[in-house]
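Have a look at the structure below before the remarks.
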Amino acid sequence: MTHRHGDEAAYSGQAALEIGQVVAEQTFELTRDTLVRYAGASGDFNPIHYRDDTAQGVGLPGVLAHGMLTMGLAVQPVVDWLGGDSGKIVDYQVRFTRPVPVDAEAGASVTVVAKVGVLDDAGARIDLTVTFNDETVLGKAQVRVAAGSW
Amino acid sequence: MPVNPELQGRSYPATSPYLVGREKVREFARAVLATSPLNLDPDAARAAGYSDVVAPPTFPVVVQEHTLAQLLGDPDAGIDFSRVVHGDQRFTYTRPIVAGDELTATLTVTSVKSLGGHSMVTAESAIADATGAHVVTAISTLVVRGDE
């Protein structure tokens, strides 16, 4: 690739992106049912994700969402932005900074905002801001997307 | 028992092959609230150039889990699972996993660090298909809390 910043629109079929541009935004409603489904699908049966007594026994307020469930859903708005093709994603990383407690009745609302963080010859880095109760729950949540994917 | 500082650089044998089933991909996709037809509909996946339904980006954790079990089950590693917190997670992809893939994974401990009484263990699990070609590498940092 010889294109430089500002030339993104020159890629055939590729819309120009700007740093800071929001490419996707979505709120996910989690319930205990969501956690049980994720436990079964992933094979992660740690009881802190379905038993309040176990969670409270290790000093937690109650049942928490699996960190990998939060990571798994947080990338979905980006996948949708890419036309549903996750093959355009070359790298995805997160840091687990804060737990997401899922109340038995109220559940938990997790909001994802995906913004363009970096544009370079390799493509784009999409930075995810993932919040629960107005606090971020993932740090350094970054999705690397190959050039020509959007 | 502290984490064995000599763990750094250690590799474990490749896991036995994991055959990725179409219904498993669909089940996992629904569980992470994915809605892309490529995850659910084989015809949509084929139209996009894949041989079968495409697994969501975090599906490799299912295969990686078998390698982490090797590490956590190694008495010489000295990792007390009840003290482990998942610190961070990364996937670097050559291609997405698709149904029909037969995958093996090989874990290598790339770093062991001490930080304020805790240990940070970083493990990379390289996942390859039946031809031996790289598919994705899953990297986890586990924080092992020290004695209170």
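Just so you know, all these numbers are worked out from the coordinates, no wet-lab data involved. Small disclaimer: the values here were computed from a predicted structure and weren't measured. Note that each Cβ is placed from the backbone with ideal geometry, even for glycine, and that neighbours are counted across all protein chains shown.
What the table below lists for this structure:
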quantity	calculated
Ranking of B:ASP74, A:ASP120 by count of other Cβ atoms within 10 Å, fewest first	A:ASP120, B:ASP74
Charge context of B:PHE28, other residues only, Cβ under 12 angstrom, K/R +1, D/E -1	+2
Computed label-point distance, nm, for sites A:THR27 and A:ASP103 using a 7 Å Cα→Cβ extension	1.4
FRET efficiency, 1/(1 + (r/R0)^6) with R0 51 Å, evaluated for B:ARG30 and A:GLU18 via beta carbons	0.90
Selection of chymotrypsin sites (Phe, Trp or Tyr not before Pro), the stretch A:13-120, meeting DSSP coil and at most 12 other Cβ within 10 Å	A:PHE45
Simple spin-label estimate for B:ARG95 and B:ALA14 in nanometres, 7 Å along Cα-Cβ	1.7
Summed side-chain charge close to A:VAL112 - residues other than A:VAL112 whose Cβ falls under 13 Å, Lys, Arg +1, Asp, Glu -1	-3
Under Karplus coefficients 6.51, -1.76 and 1.60, residue-wise ³J(HN,Hα) of the stretch A:38-52 in Hz, glycine/proline x	5, 4, x, 5, 9, x, 8, 9, 4, x, 5, 9, 8, 10, 4
